[in-house]
Every structure is written in C-alpha cells, then in structure tokens.
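Working notes for the structure below.
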Amino acid sequence: MLLIPCPWCGPRDEPEFLFGGEPVTRPVPAEHVTDAAWADYLYFRDNDKGPHREVWCHAAGCGQWFVMERDTVTHSVLSVRKPGEPA
Amino acid sequence: MTARRLSEGGRIDRATELAFTWHGKPMRGFEGDTLASALLANGVKIVGRSFKYHRPRGIFAAWVEEPNAILDLTWNGQHDPNARATTVALRAGMALRGVNARPDVDSDIYRGLDLAHRFLPAGFYYKTFFPNWHRYEPRIRDMAGLGKLRGDADTRHFENRSADADILIVGGGPAGLAAARAAASAGLAVILADDRASLGGSLLWTDEMVDGVPAAQWAATTATSLAAAGVRLLPGTTVFGAYDDGAFGLLERRGAAPAGWAEDRLWTVRARHAVLAPGAIERPLVFPRNDRPGVMLASAVLHYLRQYAVLVAEDIVVTTNNDSAYAVALALRAAGARVTLADVRTQAPFIAAAARAAGVRVLPGSVVVNSVGGDGVRLVDIGPADATSARQVTLRVPATVIATSGGWSPAVHLHSQSRGKLRWDEARAAFLPSAPVARQSFVSAESLSEALLFGHRAGVEAASSFGRMMTNTAPFAAPATPADPILPYWCVPIRGARQWLDLQNDVTVKDIRLAARENYSSVEHLKRYTTLGMATDQGKTSNINGLALLAEATGRTIPQVGTTTFRPPYTPVTLGALAGMKHGALYAPSRRLPAEAEHRALSADLREYGGWWRPACYPRAGETPAQAIQREAAAVRATVGLFDGSSLGKIIVDGPDAAAFLDLMYYNNVGNLKPGKIRYVLLLRENGVVYDDGVVARVGPERFQLSPSSSHTAGVLAMLEAWRQTEYPSMRVAFHDVTAAWATFAISGPKSRDVLAPLTDIDLTADALPHMAFADGNILGVPGRISRVSFTGERSYEVSVPASYGPALWRALLRTGAVPYGIESLSVLRAEKGYILIGTDTDGMTLPDDLGISGPLRAKKVDFVGKRSLMTQDARRTDRRQFVGLLPLDPDHVPHPGSHAIERTSEGMRSLGWVTSACHSPALGRSIALGMIARGRALIESGAEVELFHLGKASRARVVSPVFHDPAGEKLHG
C-alpha cells in the first residue's frame, strides 16, 4: 500500500487515490491526426520497467490530478509534480 | 499408551473445566487449552485424513505450522469449516469434527485410495482423467477437500484500525522484548506484536533463566514494564504481510470480545522502521513412514508438556540431527516418560551426557528407519543414519510418539515479502537474510542469550537511525550453553521407502525425484507439479526439506535451487476482517429521494436504480406491478402524471470559459445556447462511444446547468474535472454538483399546464415558456425553477425547489389529481417515443450516428472529446448497427431484450443485432420493441421484416421508426 505524497495534501494512503495511467499528449487537430497516431493515443502505452511517469488523482481528498514518477519495480515514489510544473 | 494430562503444571486454568464434543462424543478440557491440546489430553489420535491418499493424520505441531489438525468447528451459532486446532482457544460448548473423511476420520471410506498410491504420484492428474476431466470432477471434489461450507451468513463483526509508529517490532519473544525495551528507553513510539495470547514466545516453554529469573516469569514482568513505558502491546496479533512504504498488515484475534462486538481486528500499521524478531519454525527429519499419527515436531511435544501439561506418550522415540531435541528428551524424562533418542551425528554431542544421566537412551549415528502401526505409531525401528535398507534395524522400540527435529528455519517471510534476498547459512543449515531491507532489521539467534543480545542491539540500532541515543541500558543476560553444530540430513537413503515431506498434500521424496526426472527442476515448478507447500500450512515444515532434496536430485547446491516467492498472508486472514465494517448498507450506501416517505405512504414499489431507491410504480390494492405500469402510462397520456425526478444529476458549470469548455467536452454545440434555453446533448468518450445523454440549460452568459443521468452524475463530474485540470488547465471554469440540493418533480400530460399554473407565479403560457426552455420564479411561495423538458412525449414541466421543500410540494402536486407514475412506467412512455436509455439501448460500442445523431460532427469546428474517433473507417462502416423500432407481427408477443435479429445462411445463423428494449404499449394497444440492427435505417426505409431468435424460439417483426407515438411531436409543443 503506497504512501503517496499529494502535492497539495502531503503523504496519504494509496486507497485515497485514483490511478490514471501514463500521461499522454492529445494529438490535435483531428483532421491532421493519422489513424496510427490516434490509436497510439487511445490504446498504446510504454509501460516501462523502472522509473515510470503516471497520473494520479487524490479522489478522496483534494480531488486534484498530479503527475508522479514511480519505479515500477521497487514502487518507490521518485517525484510528484502539479500539472504544468516543469520537470 | 495414549497421551494424558498431568495432574500438575502447565499454564492452564484447572479451576475452569470446559465441555466440548469430538464427533459428538463428550469430552472435557480446561481454560487455556487449544483444541489440539484438549484433543490430545482426551487421547484422540486421528484428527483428519490426508488430502490425496486419505491416510490417517494426527496432531503434528503446536502452532501455525500445523499441517494436519484442520477441523470443522461449530460454536455459539458460528461455523468454521477450517479451524486450525493448534491455534484456536477451547471454549465451552464447542463441537468439533474432522474433515475430508466420510463418515468420520476414524473409518473413512476413501482410505482404500492409499492402496493405489503407486498410480497416484505427483502430477498423476495430468496423465489420467481422459478424455474430459470435467466428467470426473464431481467425484474428485467429493474425495479431496477440506471443510464443507454451510452457506450460513457470517454474523461476526470485524473492525479495521490503523496506527502509526516509529518502530514496529514483530515478535514478542526474547529478542522482540529486548528490542522493545531498548527502543522505548530511547523515547520512540513502539508497537510490539506477537501472535500468541501471552507475550514471551520461546520463553514460555523453556526452563532457562533470564537475569536470574525463570524465563516465563521474566517475560510477564518485562511485558508489564513495557506497557508502563508506553509501548503498545498487541498480543494475539499476527503480522501477516509487509507492504510498501513501511506498511504492515496485522490481524488481531480478539475471540470473545466484550458484548460480542469486534472479533478479528485488521490493523494497517505504518512504521518508519521494523524490527523482525519472528523466531524460527522447526522442521522434521524425513524418514520412512513418517506420516503416521504420533509423529510430531520435538518442540511441539515440549510445548504440549510445558504449556498444557499434556504428556503425549509414556514411550517416546526422539530422532534428530541437532541439539535442541535434547531439551525435549530431558523434559519428557522429568515427566516420567521412557525416552530413546536417535541422533544422526556419529559423534554424540556435549549435551548427550546430561541426557544419559537423566535416563535417556542416546544412540549416535542413528535414525528411525521405519515405523509400524496402522492407525498410529506402535513400534519404531531405529537403524544407522546411512541405512540403505529398512532391514538394517539396530533397535526396535515400542513407542507411540516419534518426536522429530531436523533443524530450524527462521521465519524470513516478511523480509522476503519486502523483496529481501536470502543466503543459505551452511553452518546453521538455514536460509537467512543476506542483508536487511531498508528500514528493517532481522534478528535471528541460536540461543536464548544470543536472542537477548541481538534483540537489544536491533533496538539500539533502530533508535540510532532516528538520531536517538539510548540511556544507559545493558542488555538482558542468560547463561550461554555450549552447542554442537547441526548435521544437515535430508532423508534416509533407503530406496523404495515412502518418506513424507508435505503431510497435508501427501508429497513424498519419490515425488521430488519424479519431478526432477521429468525436468521440473525449477523450485517454482517443483512446487506446482508436486503441490509441495501449497496446502493450508504453506509448506512451513516441508519447503526446506523439499528444495534440499531437489538440490540433491539435480546435482545443485541449496542456494542454487533457492526458495519460491513469499507472498502475504503469512497465515490465513478472514475475508470478513479485510472488509471490516464495509459491507451491507455501509458498502454501497443507498441514496434516498427527499420525498421517499411520501412514496412509501402511497405503497410505491421501491427498487434500487444506480444507487438510488426510486419508485418503479405505485400499485393500487389488487394490482400487479405490470398492471400498475400500464395504468400509470395510460394516465400520463390521457390526463396528467406526477414523477419524482430528484435523483437526476444537476451540475453547475460556471466561469468566463464555461461555454468554450463545454463545447470542447460535449458532442453538440453548447456555446450558442441562449440563456433560458435547454438542449439535449451527448457526452462521448475519446473512443467516440456515447457515455451519457442528458440536457444542458443556459442560466447566464457564464453559467450552465448540466443534467446528466442519475447513475452517471459522479462520472460526468469526474470527467469534467479531469479534463479541465490536465488538458485545459488555463480555462477559467468551475463545477458544482448540486444534485442533492434540489427536489425535482415532473408534471407530464395534456393537463400539465392546467394543474401546475395555479401553484406558481411563473408564466406557463406557450409563448412565455416553450418546449426546451426554463424560467425561475416561485412555486407555492418557494423560489425554484420550472424547466419544460419531456421524457414522456407529453407536455412536461420539471419543477425544482430546494430539497427540504420537496415533500410539501409533492403533496400539493398530488392534491391536484395528478397520477403518480414510477420509472418502469416512464420507461414504457419513453419507449413509445423512441427516446434512448443509456446502457440499455446503447452499449460500449454505440456511436452518435448509430443513434441517428450526426449533425454536430459536421457542424462543430473545435476538437471535442471523441471527435477523431468518429472519423475512423470503423465509424464510417455502412453496415453498423443502427437504432430502430420493431413491431412484432404477433401484437401480443413482447420479445425478450437481448433477442438477436438473425439471418439464416448456409453455415447457420448470423446475428444482425439485437432487441434492446421491449414492452406492451398502452398507447398503441400492442407490443413494441427497440433495437440496434445492422443497416437499420435502410431497413426502416424498406419496411423490411427481421427474424428474432431467443432461447431456441423464433418470431418475426417489422422494422419501423422508433417513434411509435405522435411522430410529429405535436403533444410536446403548444
């Protein structure tokens, strides 16, 4: 059970959060997006072993989404960032 | 020569006798007994049958590592089909039975299976049961299984708690107590958990001294002073799992708690540091016929003697490869038993002298080569440790118990669950942590004096990791005793002898060698192929022996073979404890309408829809629900009906960018909606699928109110928030869910304006309030809103007032003569109008154009959610299923939703789609249906017929427009 440091609320237990998968850039405008690029956006994720970028929402707390970097092997939380904050 | 209770000694309360039954036979035990000690004291030898061969099984161990004594327990209205006899405390009135035997464990009808054991080795089921194993399955399940469930509901209460600590100490034995004292004296917050009811661990059954005081007494006084020092003590609590970031799962067993309240209590403890001092589990020596009732772990024999005053036999053979069994032999002698001890080490150890002096017959270089006795050990053959034949008998001893010790396996489970690595210690013949996991210490000792010292050091180290210094505290001391090393000994080298490893699953040495021959040489394969270690004891006394034999059979070292993966829980955890109080009403709290009491007063048929309790219909006296539904629907079309729509979602979207944001989210144009107007809209997912439908009302230039469907309100709100926060963070817009703040009632029918007008100052004339518009004002003197939207196809007004005024408004509307109608009735009315229900007429593949709504895709310029997905090849297929109406040729036949529309080809039947909704229509006086059929709109055009198929029966229907009633929509306007 992870202890997740919410950028607004501080460290809270994992069940308070919703997992949102890898952050992806939405390809726009629709008219210029190839089928392959759209399928990639909808369905394909890197799912890397090791440091992994993912979005979480503190659904049972402040309700905010943020970006986390977490190691998928050791589960250590490497960093958390508010959306839009530089790396 | 069975076991007996000694007249003195033990830590039982002889003043409190407890009556219980075993297979209906009355027996007695004492307060402080476990089921196992009470059964032993009453001379019970056979407590179960092994899983595969149905051989008789006796009590083997004294704690959680017990593989055989799994019992069916009934007590106090509760039933446990899998009670582990060695850990459950005896209570008055308990009824115990064995399992996996018919009719009982003494005369099991399946014991003949053992005669066929040559045909039932490991993995035999992969090579038999042809052609279809499912045919054999019922018999297999009858023959092999443990307890039987009764299907009663579990009436116990469970609780979940959480706690935080600087240090969690796992184990309340000498090491754990010493660590706790050290850490507490440094001022740290400490939690100490031990799975036994009294703290002390091995101190409870040793006769050693600590600081000049008997060990058990020292344990009690130390526990008291720890509590006084602020240490939180959790006896009866198993730390069953290590999880991320210092989280541990603990199961506290509270047995008969006050007022029958919480039983097991599940703790989640987060500790900044954990000291693991869990002790070690004894493993047996493996020798021929070592599965008979009467074969027991040596430490268990000592435990039954010291804790429960049960002498397991008058004549006992001890077979061992290490020093610890000698203390057992000495204790048994002191209790008056006759003891023969076979030690595989050819050189008698130092401790043998004291044993001989006490009258133990010590035979070095020896091991048990056979045991005799059908239902329990009667005779024991002792031979040389390197015997290759069962005939090499040096001594035959009459005995009813063989106490065996093959070494000790430190309980490294929590360390390994935390991904800690193990190393094989040759000298100790044990797996130990190769290095501690971050923020954990592991304490393992070979003697009491070591345990006290190492535990103390662990406490000091933990304290210093917090930057705290210990006040002058010396470690506790116990006299050190000289010890001789263990001689690793994995089985007797007699070929052809049956030597057991896993007593519960009947895995023998032969099975390990078979697995190795068939190339299942990975330890993980060994486990699954032979089922070694997969029983309810999870191989606590068999895994190490098994993998050591696999190493021998494959020419590798033990560390090369390694262990299987350790996973929580260490011992079983009741599902009820995991759920805690989150079940029944607390699992998914139901939502109630503000006017629920009014609906109950009308005897409404209340059902749960998407988490809300809502009236399905309002049957009158003598009416069935089906009749009520038809009557209510007819009344709405004829005069006027009254519906409680308070559960429909209401989300305020507010801000300078509200219009632009909603245009980016919704399928339809929202930004050009004028204040005071309402529009029907679809919300899509990014894959283009229709997620929700509803209406949006424009309240002002920067304010909208969304009305998602009742069951999707939370989901729509979450979606809006997620998109604003992550995709459009610079847009200035906020959302508020005000669903619960308002009561909303629909007045629907030709007389709707007539009955509502007198109750409000809002102008309801056709020009002032046309269809798809709203106005604010007063209703019965209370500020509210009237929206003219319709889900019935009749002229409808949705009246909203603050929720607390809801019941009064309902009563006032009822007095106008409006007929209350429920959801099922509404469902008929909307079906007659071809209005869709999300999730009924649509599914996870339905696109807007399938429903006939395609305008926005052409007209909207912005990239709304799902737009690109509507431009794919698949979205443009001409054979997609489309929303249609169906008129069954038999007007009395209502097709079953889910019936497929089929096309018969030479290969059989092909589905063209299916019926999504169907009912009897009061307006048409016949059956109607809605469905999604391939090329539906073309079929409507041509007036084609389709064949509907359901559960072997076929019928025909004509494909028509889904708008059955008032296709021009005249009733809606004016």
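The values are calculated or read from the model by the stated rules, or taken from the named source; none is laboratory data. What you are looking at is a predicted structure, and each value in this text was computed from that prediction instead of being measured. Using ideal geometry, Cβ is built from the backbone for each residue, glycine included, and neighbour counts are taken over all protein chains shown.
Condition test on B:HIS712, is it buried (at least 18 other Cβ atoms within 10 Å of the Cβ) and in contact (Cβ under 8 Å) with a residue 24 or more places away in the chain?
Yes.
Only residues in region B:271-296 that are over 22 Å from B:ALA3 (Cα atoms) count as the first member; pair them with residues that are of a type in the set (Asp, Glu) and crowded, with 24+ Cβ neighbours inside 10 Å, Cβ under 6 angstrom, at least 6 apart or cross-chain, and list the lot.
Pairs found: B:ILE281/B:GLU65.
So, in region B:589-623, of the ones that are at pLDDT 95 or above and of a type in the set (Ser, Thr, Tyr), which residue ends up surrounded by the fewest Cβ atoms within 10 Å (Cβ to Cβ)?
Only one residue tops the list, namely B:SER603.
Looking at (1) of a type in the set (S, T, N, Q); (2) closer than 22 Å to B:PRO293 by Cα; (3) in contact with a Ser or Thr (Cβ under 8 Å, 6 or more places away or on another chain), can you tell me which one B:SER416 breaks?
(2)
Residues of region A:1-58 being at the interface with chain B (Cβ under 9 Å from one of its Cβ atoms), under 30 Å from B:VAL862 (Cα atoms) and in a loop (DSSP other than H, G, I, E, B), which ones?
If the condition is that a residue be at the interface with chain B (Cβ under 9 Å from one of its Cβ atoms), under 30 Å from B:VAL862 (Cα atoms) and in a loop (DSSP other than H, G, I, E, B), then A:GLY20, A:PRO23, A:ARG26, A:PRO27, A:VAL28, A:PRO29, A:VAL33 are the ones that fit.
Look at region B:291-342 and say how many of its residues are closer than 16 Å to B:ILE486 by Cβ and surrounded by 23 or more Cβ atoms within 10 Å (Cβ to Cβ).
Selection size over region B:291-342: 13.
This table checks each residue for (1) loosely packed, with under 15 Cβ neighbours inside 10 Å; (2) under 41 Å from the mean Cα position of the chain (by Cα); (3) within 14 Å of another protein chain (Cβ to nearest Cβ); (4) free of Cβ contacts under 8 Å to residues at least 40 places away in the same chain.
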{"residue": "B:ARG685", "(1), (2), (3), (4)": "no, yes, yes, no"}
{"residue": "B:PRO708", "(1), (2), (3), (4)": "no, yes, no, no"}
{"residue": "B:VAL716", "(1), (2), (3), (4)": "no, yes, no, no"}
{"residue": "B:GLN725", "(1), (2), (3), (4)": "no, yes, yes, yes"}
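Listed residues B:ALA342, B:ALA348, B:ALA327; which is closer than 21 Å to B:GLY407 by Cα and part of a helix (DSSP H, G or I)?
So the residue among B:ALA342, B:ALA348, B:ALA327 that is closer than 21 Å to B:GLY407 by Cα and part of a helix (DSSP H, G or I) is B:ALA327.
For region B:429-445, give me each residue that is in a loop (DSSP other than H, G, I, E, B), touching a helix residue (DSSP H, G or I) at 6+ places or on another chain (Cβ under 9 Å) and not hydrophobic (A, V, I, L, M, F, W, C).
Passing the criteria: B:PRO436, B:ARG439, B:SER444.
Applying the selection to region B:949-974, what residues are outside any loop (DSSP other than H, G, I, E, B) and out of contact with any helix residue (DSSP H, G or I) (no Cβ under 7 Å at 6 or more places or on another chain)?
Selection gives B:PHE949, B:HIS950, B:LYS953, B:ALA954, B:SER955, B:ARG956, B:ALA957, B:ARG958, B:GLU970, B:LYS971, B:LEU972.
Show me the helices (runs of 4 or more DSSP H) entirely contained within region B:463-556 in which 3 or more residues are under 30 Å from B:GLY365 (Cα atoms), touching a Cys at 6+ places or on another chain (Cβ under 6 Å) and without any contact (Cβ under 8 Å) to a residue 60 or more places away in the chain.
No helices (runs of 4 or more DSSP H) qualify here.
For B:PRO888, are the conditions met, namely being more than 30 Å from B:ALA766 (Cα to Cα) and either modelled with pLDDT of 95 or more or among the hydroxyl-bearing types (Ser, Thr, Tyr) (or both)?
yes
So that you can scan it fast, the table gives a plain yes or no per residue for (1) among the small types (Gly, Ala, Ser); (2) crowded, with 18+ Cβ neighbours inside 10 Å; (3) within 14 Å of another protein chain (Cβ to nearest Cβ); (4) under 24 Å from B:GLY844 (Cβ atoms):
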| position | (1), (2), (3), (4) |
| --- | --- |
| B:ARG868 | no, yes, yes, yes |
| B:MET871 | no, no, yes, yes |
| B:ARG880 | no, yes, no, yes |
| B:LEU912 | no, yes, no, yes |
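Among the residues of region B:879-892, how many are assigned to a loop (DSSP other than H, G, I, E, B) and in contact with a Lys or Arg (Cβ under 7 Å, 6 or more places away or on another chain)?
Residues flagged as assigned to a loop (DSSP other than H, G, I, E, B) and in contact with a Lys or Arg (Cβ under 7 Å, 6 or more places away or on another chain) within region B:879-892 amount to 3.
Here's a check for you: in region B:820-863, which residue that is assigned to a loop (DSSP other than H, G, I, E, B) and among the basic types (Lys, Arg) is modelled with the highest pLDDT?
Restricting to residues being assigned to a loop (DSSP other than H, G, I, E, B) and among the basic types (Lys, Arg), the top hit is B:LYS833.
Please verify whether region B:560-569 includes one or more residues that are within 14 Å of the chain's Cα centre (by Cα), assigned to a loop (DSSP other than H, G, I, E, B), crowded, with 16+ Cβ neighbours inside 10 Å and hydroxyl-bearing (Ser, Thr, Tyr).
Within region B:560-569, none of the residues are within 14 Å of the chain's Cα centre (by Cα), assigned to a loop (DSSP other than H, G, I, E, B), crowded, with 16+ Cβ neighbours inside 10 Å and hydroxyl-bearing (Ser, Thr, Tyr).
Condition first: surrounded by fewer than 13 Cβ atoms within 10 Å (Cβ to Cβ) and outside any loop (DSSP other than H, G, I, E, B). Now tell me which residues in region B:97-124 satisfy that.
B:ILE109, B:GLY112, B:LEU115, B:ALA116, B:ARG118, B:PHE119 - these are the residues of region B:97-124 that are surrounded by fewer than 13 Cβ atoms within 10 Å (Cβ to Cβ) and outside any loop (DSSP other than H, G, I, E, B).
Please indicate, with yes or no, whether at least one residue in region B:754-766 is surrounded by 18 or more Cβ atoms within 10 Å (Cβ to Cβ) and either within 16 Å of B:ILE652 (Cβ to Cβ) or of a type in the set (Lys, Arg) (or both).
Checked region B:754-766: no residue is surrounded by 18 or more Cβ atoms within 10 Å (Cβ to Cβ) and either within 16 Å of B:ILE652 (Cβ to Cβ) or of a type in the set (Lys, Arg) (or both).
Being surrounded by fewer than 22 Cβ atoms within 10 Å (Cβ to Cβ) and charged (D, E, K, R) is the filter; apply it to region B:692-706 and report the residue that is nearest to B:ARG785 (Cα to Cα).
The qualifying residue nearest to B:ARG785 (Cα to Cα) is B:ARG703.
When residues of region A:59-87 are filtered for being outside any strand (DSSP E or B) and either hydrophobic (A, V, I, L, M, F, W, C) or out of contact with any helix residue (DSSP H, G or I) (no Cβ under 6 Å at 6 or more places or on another chain) (or both), how many remain?
Summing the residues that are outside any strand (DSSP E or B) and either hydrophobic (A, V, I, L, M, F, W, C) or out of contact with any helix residue (DSSP H, G or I) (no Cβ under 6 Å at 6 or more places or on another chain) (or both) in region A:59-87 gives 14.
List pairs: first residue in region B:580-609 and closer than 24 Å to B:ARG620 by Cβ, second residue among the charged types (D, E, K, R) anywhere in the structure, Cβ distance under 7 angstrom, at least six positions apart or on different chains.
That search, which allows pairs on different chains as well, returns B:LEU593/B:ARG614; B:LEU593/B:ASP644; B:ALA595/B:ASP644; B:GLU598/B:ARG811; B:HIS599/B:ASP644; B:LEU606/B:ARG614; B:ARG607/B:ARG614.
List the residue pairs whose Cβ atoms are under 6 Å apart, where the first residue sits in region A:68-87 and is within 13 Å of chain B (Cβ to nearest Cβ) and more than 29 Å from B:SER416 (Cβ to Cβ), the second is surrounded by 13 or more Cβ atoms within 10 Å (Cβ to Cβ) and among the aromatic types (Phe, Trp, Tyr), and the two are 6 or more positions apart or on different chains.
Close Cβ pairs satisfying both conditions: A:LYS82/A:PHE66.
When you look at B:ASP692, is it more than 30 Å from B:LYS751 (Cα to Cα) and out of contact with any strand residue (DSSP E or B) (no Cβ under 9 Å at 6 or more places or on another chain), yes or no?
It is false that B:ASP692 is more than 30 Å from B:LYS751 (Cα to Cα) and out of contact with any strand residue (DSSP E or B) (no Cβ under 9 Å at 6 or more places or on another chain).
Please tell me if B:ALA274 is part of a helix (DSSP H, G or I), more than 14 Å from chain A (Cβ to nearest Cβ) and farther than 26 Å from B:ARG14 by Cβ.
For B:ALA274, the condition - part of a helix (DSSP H, G or I), more than 14 Å from chain A (Cβ to nearest Cβ) and farther than 26 Å from B:ARG14 by Cβ - is not met.
Filter region B:732-772 down to the residues that are basic (Lys, Arg) and touching a Leu at 6+ places or on another chain (Cβ under 6 Å) and list them by number.
Hit for region B:732-772 is B:ARG753, nothing else.
In this structure, is B:SER917 under 15 Å from B:TYR835 (Cα atoms), outside any loop (DSSP other than H, G, I, E, B), modelled with pLDDT of 95 or more and within 44 Å of the chain's Cα centre (by Cα)?
yes
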